[in-house]
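The next block holds one structure in the form of structure tokens; read it before the comments.
Throughout, read-outs are computed from the coordinates displayed, never taken from laboratory work. Values in this document were obtained by computation on a predicted structure and should not be read as measured data. Cβ atoms come from the backbone with ideal geometry, glycine included; neighbour counts cover every protein chain shown.
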Amino acid sequence: MPNTASAKKMVRKIERRTAVNKNRRTRMRTYVRRVEEAIAAGDQAAAKTAFQAAEPEIMRAVSKGILHKNAGSRKVSRLAARVAKMST
């Protein structure tokens, strides 16, 4: 339990920041899930368009501090490989 005024304010700030970060993380995961669903369905065109929408969303999460830079790059790389594999 915060005792000082500054500690109480920090609790309020952290709650707001947590809500924003949660929203951004959920948004990113939704875009990734759309790509994975299109891959699972075998729909190459939908997977490609979903990936094109997901890539900037993942990198935006990286720039906002939701994901580490390497984790975001790895996620994009693996999704791109899975989408590319569908065409062969």
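The largest-to-smallest principal axis extents of the Cα set in the chain are 62, 22, 17 Å.
Within 10 Å of each candidate Cβ there may be at most 15 other Cβ atoms; applying that plus a DSSP loop requirement, which trypsin sites (Lys or Arg not before Pro) in segment 7-88 survive?
K64
Cross-link partners of K64 among lysines, defined as those whose alpha carbon lies under 20 angstrom from its own and excluding same-chain residues fewer than eight positions apart: K13, K22, K75.
What value, in deg cm²/dmol to 500, does the helix sum -39500 (n - 2.57) over DSSP H runs of n ≥ 4 give at 222 nm once divided by the residues of the chain?
Dividing the helical sum by the residues of the chain leaves -30000 deg cm²/dmol.
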